[in-house]
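Here is the structure we will look at, set down as structure tokens.
The values are calculated or read from the model by the stated rules, or taken from the named source; none is laboratory data. This structure is a prediction, so every number in the text was calculated from the model and none was measured. No Cβ is skipped: glycine too gets one built from the backbone with ideal geometry, and neighbour counts run over all protein chains shown. Accessible surface is based on the protein model in full, side chains and every heavy atom, while ligands, DNA and RNA are left aside. Shrake-Rupley method; radii C 1.70, N 1.55, O 1.52, S 1.80 Å.
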Amino acid sequence: MKFAYEKLDVWNRAVDFAVMVIDTVETIPMDRKHYRLFEQIEASSTSISMNLAEGKGRNSKKEFTQFCYIARGSLYETMTLLEIFRRKKWITDPVY
């Protein structure tokens, strides 16, 4: 038996994206003074799929839509952090 959110293509893609972000972060040599940024990108990238799942569990189109907006905000946050990582040369352009 699958949960309803597991049938969503967007949820599956969001989980794959979070795994990719976490895998990427794990390859970066970590400096203690920037540890918070690494924690934040892991939190924001995983928040995308979590909000999609939570919204789907509300059984209301209106609430699901609201959680989709929240998930989009988490995606934008993640992309901003990836851009910062790129500019700091912690990740390469192809990885970005």
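Some notes on this structure:
- Of all residues in the stretch 1-44 being of a type in the set (S, T, Y) and modelled with pLDDT of 95 or more, the one that is farthest from I91 (Cα to Cα): Y5
- Number of residues in the stretch 7-35 that are among the charged types (D, E, K, R), more than 16 Å from the chain's Cα centre (by Cα) and in a helix (DSSP H, G or I) equals 3.
- Scanning the stretch 78-96 for residues that are surrounded by fewer than 17 Cβ atoms within 10 Å (Cβ to Cβ) and either on the phi > 0 side of the Ramachandran plot or touching a residue at least 60 places away in the same chain (Cβ under 8 Å) (or both) gives K89, V95.
Residue-by-condition table, conditions (1) within 15 Å of T80 (Cα to Cα); (2) surrounded by 13 or more Cβ atoms within 10 Å (Cβ to Cβ); (3) without any contact (Cβ under 8 Å) to a residue 12 or more places away in the chain; (4) not small (G, A, S):
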| position | (1), (2), (3), (4) |
| --- | --- |
| M1 | no, no, yes, yes |
| A4 | no, no, no, no |
| N12 | no, yes, yes, yes |
| F17 | yes, yes, no, yes |
| P29 | no, no, yes, yes |
| E39 | yes, no, yes, yes |
| S47 | yes, yes, no, no |
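- Flag if L75 is open to solvent by 50 Å² or more (accessible area, probe 1.4 Å), part of a helix (DSSP H, G or I) and modelled with pLDDT of 95 or more: yes
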